[in-house]
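Engineer: Let me give you the structure first, and then I'll get to my questions.
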Amino acid sequence: MGPLPPGSSAPAFVQGFRYIRDPLGFTSRYRERYGDIFTVRFPFFGLIVYVASPELVKEVFTGSPSIFHGGEANATLLEPAVGTSSVITLDDEPHLRRRKLLLPPLHGERVRRYGELIAEVTRRDMETWPVGMPFALRPHTQRITLTVILRAIFGITDEARVDHATELIDEFSDRVTTITRLPFLQRGKGRRLPPWRRFVRARNALDAFIYEEIKLRRREAESKERDDILSLLLQARHDDGSPMSESELRAELVTMVGAGHETTATSLAWAMERLLRTPAALERLRESIAAGEDDYLDATVQETLRVRPVLIDVARKLTRSARIGGYDLPAGMFVLPGIAAVHFRDDLYPAPREFRPERFLDGKTDNYAWIPFGGGVRRCIGAAFAEFEMRTVLREIVGRARLRASDPAPEKVATRNITLVPAKGTLVVLEQPLAQAVEAVSASA
């Protein structure tokens, strides 16, 4: 093995502590000190290499998928939750075949038809917000996005069943947090420890519910027209004409719950956290929504995902040696395009830590300079749905609610599972009763 890119000589636990203390700034500081490609040593993972320029990110995202394994890298942490047959843990041809099945229900007109549902769910939750007292917004955005998942993706309409599913998913999410934060629990004797047993119990309970929903939807498919995503996936066929198996469907549904529920909820919470501390941007957004315009709303979503990405990186594992940025990296090495490190480059985004939606009104950003959803053949298949949902929910919240931050100081970044969340859940105060519901939901299309 040749020399690795430069990096800190501090022990793994020290570098891990630095990341935990400031996850959003960690890779940015390393890039500023060591350059666009650098090495980090973490507990459990050992040596990993970050790339932090659009040019190097492009090399990784457009490199051969047979060499840059995203599924294998993701499985290191996520396999206990989603299994080995999820689109995010598959590689090579199986991954491409699965994407082909999943993309149609999550794009274009099929996404936009859920606009009224998303707006309705948001309005109903907003009616529960207290007036004049602080409350955390993120639990509410979680409830909104989870209800949307259960209705739009699972096709569940019965309120009691929605409540039951919510309880199961909340318990599962809490248990996953421990397993992903403490990866050693996945190994050897860890499987006999109480945290692992509690996680398996929660996973089994959610699986039983999901398999029951699959069976119900299969029976209903013959008797009624349905447009939920599960029903559409039941109609999907592999190249040989066979349908997706129940285990394949289970893997993707769990993936959608995790990747399409908490991440979008967190991004919405961050959007409001930033807007409430940037009054000029909030007022401009409110005025543009009242005028039925979308450009500034789109820019607000993009800027939120830039300055507060839910993930700080995406991972690839080399199946063979590869030359990147002038370094020969060995097989087995993890190579991570640093989302936060790229997003916080001042040569790409002047005053990068400031919240300025206007920066996305001036023109198209380089595909490899704005990467909250990853890129290449592994770009998040739910990206279109997530951005559409964010626009629709923000239109309702900003258009109807007069909120203020309960504390003028910015909320710190904390970690939950593998995501970055507002430490206090975006504490806000609703200053007056809600305005009438925004009527122009169709504008979200």
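Engineer: How many nm separate the modelled label positions at Arg320 and Arg21, each set 7 Å beyond the Cα in the direction of the Cβ?
Structural biologist: Each label point is offset 7 Å from its Cα along the Cβ direction, giving 4.2 nm.
Engineer: Express the carbon and sulfur contribution to the solvent-accessible surface of the stretch 1-140 as a percent, rounded to the nearest whole number, probe 1.4 angstrom. Mind dumping the intermediate values first?
Structural biologist: Values: 3600 of 6350 Å².
Within the stretch 1-140, the accessible surface is 57 percent carbon and sulfur.
Engineer: Net charge within 10 Å of Arg201 by Cβ-Cβ distance, Lys/Arg positive one each and Asp/Glu negative one each, not counting Arg201 itself?
Structural biologist: Working: positive: Arg175, Arg197, Arg198, Arg203; negative: Glu171.
Spelling it out: positives minus negatives among the neighbours equals +3.
Engineer: Rg and Dmax of the stretch 1-88, Cα atoms, in Å?
Structural biologist: Taking only Cα atoms of the stretch 1-88, I get Rg and Dmax of 14.5, 39 Å.
Engineer: I would also like to ask the following. Would you mind telling me which residue in Leu103, Leu420, Leu146 has the biggest mean-square fluctuation in a Gaussian network model of the chain, where springs connect alpha carbons within a distance under 10 angstrom?
Structural biologist: In the Gaussian network model the winner is Leu103.
Engineer: Enumerate the amide H contacts of Lys424 below 5 Å, restricted to partners 5 or more residues apart or on another chain; note that Pro and chain-start residues carry no placed amide H.
Structural biologist: Amide H to amide H, under 5 Å and 5 or more residues apart or across chains, Lys424 pairs with Lys412.
Engineer: Assuming 0.36 nm per residue, please report the length gained on full extension of the stretch Asp174 to Leu117 beyond their Cα-Cα distance.
Structural biologist: Details: separation 57, 0.36 × 57 = 20.52 nm, distance 2.69 nm.
Computed gain between Asp174 and Leu117 is 17.8 nm.
Engineer: Could you give the dipole magnitude of the stretch 268-409 about its Cα centre, charging the beta-carbon of Lys and Arg +1 and that of Asp and Glu -1, in debye to the nearest 20?
Structural biologist: Charge dipole of the stretch 268-409: 480 debye, to the nearest 20.
Engineer: Using θ = phi - 60° and the Karplus relation 6.51 cos²θ - 1.76 cosθ + 1.60, list the HN-Hα couplings for the stretch 287-293 in order, rounded to whole Hz, with x at every Gly or Pro.
Structural biologist: Karplus values, whole Hz, x for Gly and Pro: 5, 5, 5, 4, 7, x, 9.
Engineer: Sum -39500 (n - 2.57) across every DSSP H segment of at least 4 residues in the chain, then divide by the residue count to get the 222 nm mean residue ellipticity, nearest 500. Please report the intermediate quantities before stating the final value.
Structural biologist: On the way: 17 runs with 213 residues, N = 445.
The helix-only estimate for the chain comes to -15000 deg cm²/dmol at 222 nm.
Engineer: Determine one quarter of the surface area of the Cα convex hull of the stretch 210-365, which equals its mean projected area, and express it in nm² to one decimal.
Structural biologist: Values: hull surface 58.8 nm².
Here the figure is 14.7 nm², rounded to one decimal.
Engineer: What is the projected area of the convex hull of the Cα atoms of the chain, averaged over all directions, in nm²? Intermediate results must be reported in sequence, preceding the final value.
Structural biologist: On the way: hull surface 86.6 nm².
The Cα convex hull of the chain, projected and averaged over all directions, gives 21.6 nm².
Engineer: Let's test this: bin the Cα-Cα distances of the stretch 358-400 at 5 Å from zero up to the farthest pair and state each bin's percent.
Structural biologist: Per 5 Å bin, starting at zero, the Cα-Cα P(r) for the stretch 358-400 comes out as 5, 18, 17, 24, 21, 11, 4, 1 percent.
Engineer: Mind listing the phi-derived Karplus ³J(HN,Hα) values for the stretch 376-381, rounded to whole Hz, using 6.51, -1.76 and 1.60 with θ = phi - 60°, and x for any glycine or proline?
Structural biologist: Going residue by residue, I get x, 6, 10, 4, 3, 6 Hz, with x marking Gly and Pro.
Engineer: As a test of understanding, state the convex hull volume per residue of the stretch 287-445 from its alpha carbons, in Å³.
Structural biologist: On the way: hull volume 23.7 nm³, N = 159.
Each residue corresponds to 149 Å³ of Cα convex hull volume.
Engineer: Next question. In whole Å, what are the Cα extents of the stretch 194-250 along the three principal axes, biggest one first?
Structural biologist: If we take the Cα atoms of the stretch 194-250, the spans are 43, 26, 14 Å.
Engineer: Compute, for the chain, the length of the dipole vector about the Cα centre, with Cβ point charges of +1 (Lys, Arg) and -1 (Asp, Glu) only. Units Debye, rounded to 20. Walk me through the numbers on the way to the answer.
Structural biologist: Working: 63 positive and 59 negative charges, 316 e Å.
About 1520 debye.
Engineer: Taking amide H atoms as placed 1.01 Å from N in the peptide plane, list the residues 5 or more away in sequence, or in a different chain, whose amide H sits under 5 Å from that of Thr419.
Structural biologist: HN-HN under 5 Å from Thr419: empty list.
Engineer: Further question: Given a 1.4 Å probe, how much area per residue of the chain is accessible, in Å²? Numbers along the way, then the final one.
Structural biologist: Values: 19120 Å² over 445 residues.
Per residue, the chain has an accessible area of 43 Å².
Engineer: If you don't mind, another one. Show me, for the stretch 100-115, the HN-Hα J-couplings you get by feeding each phi into the Karplus relation (A = 6.51, B = -1.76, C = 1.60, θ = phi - 60°), rounded to Hz, glycine and proline as x.
Structural biologist: 4, 6, 8, 5, x, x, 10, 9, x, 4, 5, 6, 5, 5, 8, x
Engineer: Send over the per residue convex hull volume for the stretch 102-207, Cα only, as a whole number of Å³. Could you put the intermediate results ahead of the total?
Structural biologist: Numbers: hull volume 15.9 nm³, N = 106.
That works out to 150 Å³ per residue.
The values are calculated or read from the model by the stated rules, or taken from the named source; none is laboratory data. Note that the structure is a prediction, hence the values are computed from the model and not measured. Note: ideal-geometry Cβ built from the backbone for every residue, glycine included; neighbour counts use all protein chains shown. SASA here: full protein model, heavy atoms, side chains in, ligands and nucleic acids out. Shrake-Rupley method; radii C 1.70, N 1.55, O 1.52, S 1.80 Å.
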